[in-house]
């Protein structure tokens, strides 16, 4: 098994629909030993059964914006594992009003919250775990095409994802000196708890399905398998990358289908070509 003997930390899992769950399951299926974190008591009740399902009783409290929590996390990992081989960072947040209003109306407070929680948390988490990471280890975060390109309703989170992807590149250089790799997966739209805060998300799903080269959306297990690859020794020479797992949608310069407000196709380029 590819991940046999590997030990890793999963940060930010919300439920079994989470992309982080797909990555954790793929790693566990390939033999990895896992630990998990939870933000608060409400999420603890969700995370502990998932940890048990995936063969772990190591679940730590972690608010990524709390330096004391990060220090305690490092000590817990050292006590329970000695050292670990990988970390999955699946943390992002922006106030709801920052996603529902035009980007121009983003408040200073909402901008700061989005950047602190969605971007700086990767820097802080990586710095915290570096002392307990084995050489050849890997850090993986999650991004979205709304960072490098405009996506309706993504607003300040798109700006945060752009900063997150830049952080991956700069961290890859700093951590590379210690033999640690840092990468990101840019997954296609998936119905997750985080996605529920994005307006017209159902339309985004349909658009991706209609216009991706594979003419479908991706699953958490597909993203999970790609994440497992990037965390494993199979990707030992891959760092600083944003790896797209979106049925090819990111390559498109123009949509194949144009739809109206009710989701009806009003122009299909494939059919036009056949005429």
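Is the shape of the stretch 63-169 best called rounded, prolate or oblate, per the rule: a/c under 1.5 gives rounded, else a/b larger than b/c gives prolate, else oblate, with a ≥ b ≥ c the square roots of the Cα gyration tensor eigenvalues?
Values: a/c = 3.47, a/b = 2.01, b/c = 1.73.
Note, shape of the stretch 63-169 comes out prolate.
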Taking Cα atoms, the helix 201-211 axis meets the longest principal axis of the chain at an angle in degrees (rounded to 10) of 70
Largest-first semi-axes in Å of the equivalent ellipsoid built from the Cα gyration tensor of the stretch 159-244 are 28, 16, 10
If 58, 215 are placed from fewest to most neighbouring beta carbons inside 10 Å, the sequence is 215, 58
For the chain, longest principal axis from Cα atoms; helix 19-29 axis from its Cα atoms; angle between them, nearest 10 degrees, is 50
Square roots of five times the C-alpha gyration tensor eigenvalues of the stretch 114-219, ordered largest first and given in whole Å, equal 29, 15, 11
With Cα springs under 10 Å, the Gaussian network model of the chain assigns the largest mean-square fluctuation among 116, 42, 30 to 42
Quick calc: nm separation of the 7 Å Cα→Cβ label points for residue 108 and residue 41 -> 3.5
CD proxy, 222 nm, the chain: helix-only mean residue ellipticity via -39,500 (n - 2.57) per DSSP H run with n ≥ 4, per residue, nearest 500, stands at -12500 deg cm²/dmol
Two pseudo-spin positions, 7 Å from Cα along C-beta at residue 254 and at residue 202, lie apart in nanometres by 3.0
Taking Cα atoms, the helix 41-53 axis meets the longest principal axis of the chain at an angle in degrees (rounded to 10) of 80
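For Cα pairs less than 8 Å apart in space and 6+ apart in sequence, what is the mean separation divided by the residue count of the chain, i.e. the relative contact order in percent? List each step's numbers first, then the result.
Working: 529 pairs, mean separation 51.5, N = 275.
Reported relative contact order: 19 percent.
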With bins of 10 Å, the percent of all Cα-Cα pairs of the chain per bin from 0 is 7, 29, 35, 20, 7, 2, 0
Long-range share for the stretch 30-120, i.e. C-alpha pairs more than 17 Å apart as a percent of all pairs, stands at 60
Under the 7 Å Cα-to-Cβ spin-label approximation, residue 238 and residue 17 lie apart by a distance in nanometres of 2.8
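Values quoted throughout were computed directly from the atomic coordinates according to the rules given, and no laboratory measurement underlies them. Keep in mind it's a predicted model, so treat the numbers as computed, not measured. Here the Cβ is made from the backbone with ideal geometry for all residues, glycine too, and neighbour counts use every protein chain on show.
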